[in-house]
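K.L.:
Encoded as structure tokens, here's the structure I'll be asking about.
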Amino acid sequence: MIARARRIRRQCAKANSGCPTPGPRPYLTSRLSWIASPVSKRPVLPPSRGPHQTDLRERATLALRMQNFAEAERLAAEVLKASRNDIVATWVLGRALLAQNRAAEAILPLDKAARRTSDPGIETLLGAALGESGRRTEAVEQLRRTAARRPPFLPAFQELAGQLAKDRRLDEAIAVIGNALALAPESIDLQLDLARLHLERNTRGEARAILVKAHEAAPGRPDISTLPWHSS
């Protein structure tokens, strides 16, 4: 059992490595503000289409990182004109549209990319776009499918929990994050998500126990001290 758990954790880390994520990570309005944004996980780069395409894609990613969303959208669209299957450009376009509160426009390109590639990062972003567009039932269905993947893609669990919490389905959201923590028990981000859900549910004792443990493991995390966990 121990060997199996270690193997799952290694697979989980590999599945969630990808390329470096662009930061800072803007929150998506489709999710509760206290759930860390999981859809900043960029897909693995596809083969290069040439230096011009690579340059445009890098500029689009940089614009997204700098929160210049209109420019990121423009550059990503330019890449997609020449290579409609460019998964990173599609991901940048989707995030840029979501950040501009235009989630409905992101659904079609993300859905097409998800069907072509089965990339969990694209699928998770599609779930966020569906939820932001008011199609939460479809969002939850999509995200449950992505969360069921093995090796697991942890941002899908976080996005799923956010969508459920938005519907005040807090018990289900807590169960989702609990399942993710069973796969990655050392994840401070998941521990904080679980604590925030307990705070939202007003089970402050459980939240405090989780946050005390997280603070001991990562005393330098400023987001731990900002949460109201010192009083039960």
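The values are calculated or read from the model by the stated rules, or taken from the named source; none is laboratory data. Keep in mind that what you see is a predicted model, and the values were worked out from it rather than measured. Don't worry about glycine lacking a Cβ; one is built from the backbone with ideal geometry, like all the others, and counts go over all protein chains shown. Protein only, heavy atoms only, side chains kept; ligands, DNA and RNA dropped before computing areas. Shrake-Rupley method; radii C 1.70, N 1.55, O 1.52, S 1.80 Å.
Listed here are the residues, each with its yes/no results for (1) touching a Ser or Thr at 6+ places or on another chain (Cβ under 7 Å); (2) at pLDDT below 95; (3) more than 28 Å from residue 150 (Cα to Cα); (4) of a type in the set (A, V, I, L, M).
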residue: 176; (1), (2), (3), (4): no, no, no, yes
residue: 186; (1), (2), (3), (4): no, yes, no, no
residue: 199; (1), (2), (3), (4): no, yes, yes, yes
residue: 208; (1), (2), (3), (4): yes, yes, yes, no
residue: 215; (1), (2), (3), (4): no, yes, yes, no
residue: 219; (1), (2), (3), (4): no, yes, yes, no
residue: 225; (1), (2), (3), (4): no, yes, yes, no
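K.L.:
Under the condition of being in a loop (DSSP other than H, G, I, E, B) and closer than 17 Å to residue 116 by Cβ, which residue from segment 47-88 is modelled with the lowest pLDDT?
P.N.:
Here is the first cut: in segment 47-88, the ones in a loop (DSSP other than H, G, I, E, B) are 47-50, 66-68, 83-86.
The next check asks that each one be closer than 17 Å to residue 116 by Cβ; those that pass are 47, 49, 83-86.
Working: 47: 49, 49: 54, 83: 88, 84: 88, 85: 89, 86: 92.
Among those residues, the one meeting the criterion is 47.
K.L.:
Something else about it: Scan the helices (runs of 4 or more DSSP H) fully inside segment 89-199 and keep the ones with 3 or more residues being out of contact with any Cys (no Cβ under 6 Å at 6 or more places or on another chain) and open to solvent by 30 Å² or more (accessible area, probe 1.4 Å). Please lay out each step first, then the result.
P.N.:
Details: elements: 103-117, 120-132, 136-147, 154-166, 170-183.
Output list reads 103-117, 136-147, 170-183.
For (1) in contact with a helix residue (DSSP H, G or I) (Cβ under 7 Å, 6 or more places away or on another chain); (2) within 17 Å of residue 123 (Cβ to Cβ), each residue gets a yes or a no:
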| site | (1), (2) |
| --- | --- |
| 144 | yes, yes |
| 154 | yes, yes |
| 211 | yes, no |
| 215 | yes, no |
| 220 | no, no |
| 225 | no, no |
